[in-house]
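Asker: Before anything else, here's the structure in question.
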């Protein structure tokens, strides 16, 4: 269902908001890059953003605007009707693909979330969201998935060696 307002369409979801797969820091920290991680079930913004906005509202006040990367979503509605208000959504090719930025009305709070792609393995997604929600995290959203997929050097050192090959660090 759509409602036309001043020549622009506001899109409303007919489905109930889904419970977002979301992990947020316990409290905001000035020394961190991300506030948490979000793992949407699809690339449909109408289906996915409503539940996420309501979850962010509960902690940071009403979300007024969202910023996303243009290439990651099936459609690009600019105005979403959520909880009796309009949330403006901007899609930018310059915005990092793995980052969602939400701006709330209360004192201009900004929430930056890692976006884990929908088809990601559950273990990788859970680890990535946990790292993104770690207070003091200094890993950029674009690098978190790579970080959790790469085994630590200590695990590489424990791998069996191929006979006849010398260790590079020896």
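Asker: Counting only residues that are in a strand (DSSP E or B) and modelled with pLDDT of 70 or more, which one in the range 1-15 is farthest from the chain's Cα centre (by Cα)?
Answerer: Among residues in the range 1-15 that are in a strand (DSSP E or B) and modelled with pLDDT of 70 or more, the one farthest from the chain's Cα centre (by Cα) is 8.
Asker: For the range 16-36, name all the residues that are part of a loop (DSSP other than H, G, I, E, B) and either buried (at least 16 other Cβ atoms within 10 Å of the Cβ) or modelled with pLDDT of 80 or more (or both).
Answerer: Within the range 16-36, 17, 18, 19, 20, 21, 25, 32, 33, 34, 35 qualify.
Asker: Please give the number of the condition residue 39 fails out of (1) closer than 18 Å to residue 129 by Cα; (2) out of contact with any strand residue (DSSP E or B) (no Cβ under 6 Å at 6 or more places or on another chain); (3) modelled with pLDDT under 95.
Answerer: (3)
The values are calculated or read from the model by the stated rules, or taken from the named source; none is laboratory data. Quantities reported herein were computed from a predicted structural model and do not represent experimental measurements. Counting neighbours? That spans all protein chains shown, and the Cβs are built from the backbone with ideal geometry, glycine included.
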